[in-house]
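Working notes for the structure below.
Nothing in this text is a laboratory measurement; each read-out follows from the coordinates by a stated rule. These numbers come from a predicted model, not from an experiment. Note that each Cβ is placed from the backbone with ideal geometry, even for glycine, and that neighbours are counted across all protein chains shown.
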Amino acid sequence: MNTQHTQPNLGKLRSWAAKGLVALRGTYLLPHGHLIPFLEPYWKEKEIETGLNWMSGNEPKQLDQKWIEARFLDATRQHGIAVATSSGRTALSLALCALKRMRPDRNEVIIPSYSCLALLDAVVCSGLSPVYADVGYDLNVTEQTVSPLLTKKTLAVVIVHLGGEYANDTKVIRRKAEQYGAVAIEDLCQALGGKEGEKHWEAEAPMAIYSFGLGKNLMATAGGMLVARTALDSILIEKSKLNSENPTRAPSRFSYILKAHYRKGASLLFPRPSMPVLPFKSSYEYNRMDLLDVQLLDRQLDRMDEILQLRRRNANTMLATLQNSPKLRIAGKDDQNVWTKFIVLADNTHNAQRMRSMLTKSGIETETMYTPLHLRKEGARYSRWVLPVTEEIYPRVFNLPVRPSLSPKEILYIANTTKRLLARIEKTDAR
Ligand SMILES: Cc1ncc(COP(=O)(O)O)c(C=O)c1O
């Protein structure tokens, strides 16, 4: 008997099921579930193949840290020395420990309170004290907020280019820090790729730090880099103290990222696996960049221009659609920006919450920004004064997705849905 016509063709069934899922996603799930995730690495076949090959011991390239350091300096057109670390905070710790070795009489590091816990951790781990600076309404530190904090005890000032937006007063702050014998460390963890003409923003900074963790412009499973043009001997001493991560950690992170972000077919209908804590925490220790992360960063550096262009394209769509809403201000819309994050401020806390909940119901995931460090339990003990702008803005801030892996259809959906929801809020507020 010929079974060809009577038995179902498995390949065809699979393809119908896949088409059904895509249709379901577009017509029902997209507006009803968490189907536009905020975060997703921009990895393609090369990165995935590299990771899988690495884990099975078949990766042919096998680049080392020294190689990636040279490549990174070249890609960002900088001179000086680069040190590949296991995370951005490790890069900052390394810089601070090196500076402290040279200036043991100084123990204060100025950091913005409106920033991530990594900065506080790095300062405290290095045996130093944070001094919190306020930010301006663009969410970056300014000359006005930093200058009064500079003293003969200041070892370093960390200037963060938050969300990819250039901190406009960087050059003045650098100069003032120098006058006080302190060193400016520029934090480009969220701002890799920013340029003025052909020159990268940080090209003249005494020190710069970077992160290649989740949500950054270039993503490995974790990783960081310090580029320094000062305290070089001291940095080389600290570099020699870095350890190696347990070699199972980066592969665990890689496996998690694949399972969480590269789901296919029916698995899309189930919740994401939860993040394994230990493998991610291990990147915060005083370690060199893991070799798997070296390979992944190498592949991501090939895509740097593409990633920056796609973020800009997505941000432009959002800007064109949301430009003039009285209910939502876009931080950094008037400044140089690489749009690692599309940071917005609602007109008040209630509307920020309303907006986020309405966006979630429409299938758009948003990101919470920071609780100021001086108001967190980990950082409150170092708090010395009120930081008026930070305290006023923080409950109103959140981030909309502009990641490079969004399709043009998805970014339009995000922009138009946000606009529609804002109009609804405007209407109810006007009553
Ligand atoms: C502005 C900023 N600085 C430093 C860091 C620390 O980077 P990592 O998570 O790689 O330690 C981050 C990470 O989120 C960051 O956003």
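Which distance in Å, rounded to a whole number, links the C-alpha centroids of region 124-170 and region 273-329? Between the Cα centre of region 124-170 and that of region 273-329, the gap is 23 Å. Backbone geometry of region 198-211 corresponds, through the Karplus equation with coefficients 6.51, -1.76 and 1.60 at θ = phi - 60°, to 3J(HN,Hα) couplings of 9, 9, 5, 3, 8, 3, 10, 6, x, 8, 9, 10, 9, 10 Hz, x marking Gly and Pro.
Region 386-431 and region 248-266 have Cα centres separated by 29 Å.
From least to most packed, judged by other beta carbons within 10 angstrom and beginning with the fewest, E108, E45 follow the order E45, E108.
Listed by chain and number, the aspartates and glutamates whose C-alpha is less than 19 Å from the C-alpha of K241, apart from same-chain residues fewer than 8 away, are D64, E69, D121, D233, E285, D290. Note on the chain: with charges restricted to the Cβ of Lys and Arg (+1) and Asp and Glu (-1), its dipole about the Cα centre is near 1240 debye. Put simply, the amide H of T142, placed in the peptide plane, has neighbours under 5 Å in G136, leaving out anything fewer than 5 places away on its chain.
Tell me which residues come under 5 Å, amide H to amide H, from M369 once H is placed; ignore anything under 5 positions away on its chain. Answer set, sorted by chain and number: N399. In the calculated pair-distance distribution of the chain, the portion above 38 angstrom amounts to 24 percent of the Cα-Cα pairs. DSSP finds beta bridges in the chain, and of those with both partners inside it, around 55 percent are antiparallel.
If you take all other residues with their beta carbon under 14 Å from the beta carbon of P326, and give Lys and Arg +1 and Asp and Glu -1, the sum is +3. Close amide H partners of V183, meaning residues 5 or more places away or on another chain with modelled amide H under 5 Å apart, are A156, V157. Computed from Cα atoms, the angle from the helix 170-179 axis to the main principal axis of the chain rounds to 30 degrees. Structure note, pairs K239/K259; K195/K341; K199/K333: Cα-Cα distances above 24 angstrom occur for K239/K259. The trypsin sites (Lys or Arg not before Pro) of region 224-278 that DSSP puts in a loop, and whose beta carbon has at most 11 other beta carbons within 10 Å, are K241, K264. Three semi-axes describe the equivalent ellipsoid of region 47-239; taken as square roots of 5 times the Cα gyration tensor eigenvalues and ordered largest first, they are 29, 18, 15 Å. Dividing the summed -39500 (n - 2.57) terms of all DSSP H runs of n ≥ 4 by the residue count of the chain sets its mean residue ellipticity at 222 nm at -12500 deg cm²/dmol. When you filter the chymotrypsin sites (Phe, Trp or Tyr not before Pro) in region 335-431 for DSSP loop state and at most 15 other Cβ atoms inside 10 Å of their Cβ, you are left with W385.
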